[in-house]
Structure formats: structure tokens, C-alpha cells
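A quick write-up on the structure given underneath.
All of the numbers you see were taken from the coordinates with simple rules; none came from a lab. Bear in mind that the values here come from a model prediction, so they are computed numbers and not experimental data. Note that each Cβ is placed from the backbone with ideal geometry, even for glycine, and that neighbours are counted across all protein chains shown.
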């Protein structure tokens, strides 16, 4: 009788322990160019592995819980990268949290949304989504962004684009509460608002892909934790070289925030793109707006708590150019969401707004 073939380990099962082992080897040392290159590759691989295992867990629990799991996992990585760079005490770390969070908002609300709408419209002519759920998510993102990134410029208790201690505490608590309220709305009270819809507005049936077993889900959960630990540690190793490279190239320090946001959002962008290709635009929008929301609603409270131990100011207020881009994003997003459907034009408009953000970041 022929024995059953043994299951082979996949790359996403091998990478997390290797990345963790590499972290143990390089921790406390200053690796050279070759060592930093290897660390960078393992860091990127660990991010991809973390999101893969988050997707396995997400598939097991179903939508819209899946998008929520992925958004929270990505935000944990983002917070870890921000804090490791801030703790390193490099130049201009006082604005790192602001730059990273704003970059994440622009990339998700314009880059991921624009790409997915464009892909969906090119394949299906018109792409459809639930305006009620997407509108609620957008309203939450705009409120969080305005409260945390715009209002600091207009307060008078503390000079400059900073909150006072009590104002920062309010912004952190309000952000967290608002995010939790949205999560309850998305997963309990109005779950149907965040499920894919057809062109006629009917809810689409769940895809009948085989659910992962309990054993596979638990393994992915464990590897997800290992991946996140590896990402946090390897990011600490890479923090100084990233800042040094930006300085040597003569680029604005805000580019560091864009690099962090691009790094942590790339795997999620791929997941949203794949959903759009399958006609599941609502899932793409859940991923994009959920990540933008988590990026503010979870990052700002974490940074606020960390600021108790961190030296130096915490500047959260955006400059006038970025405030204009945020306002433009809000207006364009509202006009996109209200009809509940979009064409390739709407996707192109969002991508142009993202391009404007990138150009003005490189050349303010």
C-alpha cells in the first residue's frame, strides 16, 4: 500500500523562523552592506509572510472579519516600524508618525482605492459596491484624519503643530473609541453593509473556497506572531540605514514615512487587487479604508502612550499642502462612494491625487 505523500513546507512557513533566527544573530551588532541587504530581504519576506498568515486566519473567520484581521496585522507592523525609528532618535523623528500615518491614508484612500476601481472597471465595465458601508468607513477615516492631523495646527495651548498633553490624550481616546465603534458596526450590527454586492445591489454569496482546518489556522496564527516579532526586530536593525540613505540622497525626511507606509501596505495592496479582479470591489474597499482607519485609530493612541517615554516633541499637524491634498481626497472619495458604483474615470482620478502627493513629497 502506497504511503500518503508528505506535505511540503511552503516559503511562508519557512520564512518566519528564519527571520527570527536572523534577528537573534544580528541583534546588538552593526552588519555591513551585505548583512543589511540580507536583513532587508528577510524583513520584506517576513512582512509578506505575516500578511499571508493573517489572510489564512481571515479566510477561516470570513468577511468582513477577514479584512479587519488583515488591517490590524498591517497596523501592528506600521506601529512597530514607527516606534523603532523614533526610539533610534534620528533626525526629525518628531514628525515621523505624522508623515507615516498621512502617507498611509493617501496610499490607501487614493492608491489602493484607485487601483482597485480601475482594475474592476476595466474588467467588468462598471464596478459596484455597498455605498452605505463604504460611506460609513469613509466618514470615520475623514473624521479621524481631521481630528488627529489637521486640528493640531489650529490649537493655541501649545505653539506649533502639536497637541498639549490633555489634547493628545483626548485625540488618542477618541480615535480608539471611534475605531472600536466602527468595528462593532462592521462585524456585529450592520455586517451586511460590508459584504460584496452585485450590479443590482444584491449581496453576493460567499466564495466556496475550502476553509482552512483548525490546525492550519492555529499554525498560521502562531507564525503570524513570529513574523510580527521578526518584523519589529529587523526594522530596528534597518532603521538607521533607511534614514541615512534618505539623507545622503538629499530627499526630504518625509520620504521615510512614505517608505514605511509603502512597505507595510504593499501586501495588502496585492490582496485588494486580487479581490477587485474577482469582482469583489467591496472587499478591496474594506481593506483600503479599514487600513486607513486602523492606521490612525490604532497608531495615534500607541504613539500617544509611547510619547510619555520618548524624548522630544510630537508634531502631528500637517503642512498646508498636505491639508489641501487631504481635503481633495475627502471630496473626491465622497463623490466616488455616493453612487455605489464607479468607472475607470474614478479610479484614474484617485491615482492622480496619489501621484500629486508623491511628487510633492519628493519636491515640496
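By other beta-carbon atoms within 10 Å, ranking 236, 123 with the fewest at the front produces 123, 236. Here r is the Cβ-Cβ distance between residue 327 and residue 225 and R0 is 45 Å; the resulting FRET efficiency, rounded to 0.05, is 0.70.
For the pair residue 143 and residue 87, the difference between a 0.36 nm per residue extended length and the Cα-Cα distance amounts to 17.3 nm.
What FRET efficiency, computed as 1/(1 + (r/R0)^6) with R0 = 25 Å and r the Cβ-Cβ distance, is obtained for residue 132 and residue 335, rounded to the nearest 0.05? It comes out at approximately 0.95.
A simple spin-label model places the labels of residue 310 and residue 164 2.2 nm from each other, with each point 7 Å out along Cα-to-Cβ.
I need the calculated FRET efficiency for the pair residue 277 and residue 189, taking r as the beta carbon distance and R₀ as 25 Å, to the nearest 0.05. Computed FRET efficiency for residue 277 and residue 189 comes out at 0.25. Is any residue of region 41-55 close enough, with backbone N under 18 Å, to a label point placed 7 angstrom from the Cα of residue 25 along the Cα-Cβ axis, and if so, which? In region 41-55, the label zone of residue 25 (backbone N under 18 Å from the point 7 Å along Cα→Cβ) covers 41-47. Please identify which residues in region 233-256 have an amide N closer than 13 Å to a label point set 7 Å out from the Cα of residue 33, following the Cα→Cβ vector. Of the residues in region 233-256, none has backbone N under 13 Å from the label point off residue 33. Of interest is the spacing of the C-alpha centroids, which for region 215-258 and region 16-64 amounts to 8 Å. Placing dummy labels 7 Å off each Cα toward the beta-carbon, the span from residue 251 to residue 266 is 1.2 nm. Using every alpha carbon pair in region 12-362, what percent of pairs falls into each 20 Å bin from 0 up to the bin containing the largest distance? Per 20 Å bin, starting at zero, the Cα-Cα P(r) for region 12-362 comes out as 31, 59, 10 percent.
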